[in-house]
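Data block below; observations after.
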Amino acid sequence: SCVNQRMGTCRTWYYGSKILENRIQAEARNCFMEQLVKLDEKGYDVVLQVHDEVVVEVAESEAEAAAKGIQKVFRTPPKWLKGCPLDCDFTITDRYTK
């Protein structure tokens, strides 16, 4: 139950699919943040993180190699998520785009 602004009580119902959706989003965030830590440990310069995107600054001559290295990090699941297939996309650009 919950308390509304008039200090009365009301019943609130949660349905299973909403709880599952929230749990999945929470674990996806945990996985993403763990991968960001791994990028930092490998020496990548993460300059921006927006929701489920990361912007890494590298020299133009190293962009392709860095993209492959970053993909490898993001496609490798954490130990607690072993066996879960992960994937990511990348764009090489000289400025941030959406």
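Some observations on this one:
- Residue-averaged [θ]222 nm for the chain, counting only DSSP H segments that reach four residues, each worth -39500 (n - 2.57): -13500 deg cm²/dmol
- Across the cross-link table entries LYS18/LYS38; LYS72/LYS98; LYS42/LYS82; LYS18/LYS98; LYS38/LYS98, which are compared at the Cα atoms, the separations over 26 Å belong to LYS18/LYS38; LYS18/LYS98.
- Projecting the alpha carbon convex hull of the chain along each direction and taking the average yields 9.7 nm².
- Compared with the dominant Cα axis of the chain, that is its longest principal axis, helix 63-75 is turned about 40°.
- Relative contact order (%) - the chain, alpha-carbon pairs under 8 angstrom, separation at least six: 17
- Partners of LYS68 within straight-line reach, counting aspartates and glutamates whose Cα lies under 13 Å from its Cα and excluding those fewer than 8 residues away in the same chain: ASP87, ASP89.
- Of VAL37, VAL58, VAL47, the one that fluctuates the most in a GNM where the chain has Cα springs shorter than 10 Å: VAL47
- Accessible area of region 48-91 belonging to carbon and sulfur atoms, whole % at 1.4 Å probe: 53
- Note that the chain presents 85 Å² accessible area per residue, ligands and nucleic acids not counted, probe 1.4 Å.
The values are calculated or read from the model by the stated rules, or taken from the named source; none is laboratory data. Keep in mind that what you see is a predicted model, and the values were worked out from it rather than measured. Surface areas here come from the heavy atoms of the whole protein model, side chains and all, with no ligands, DNA or RNA. Shrake-Rupley method; radii C 1.70, N 1.55, O 1.52, S 1.80 Å.
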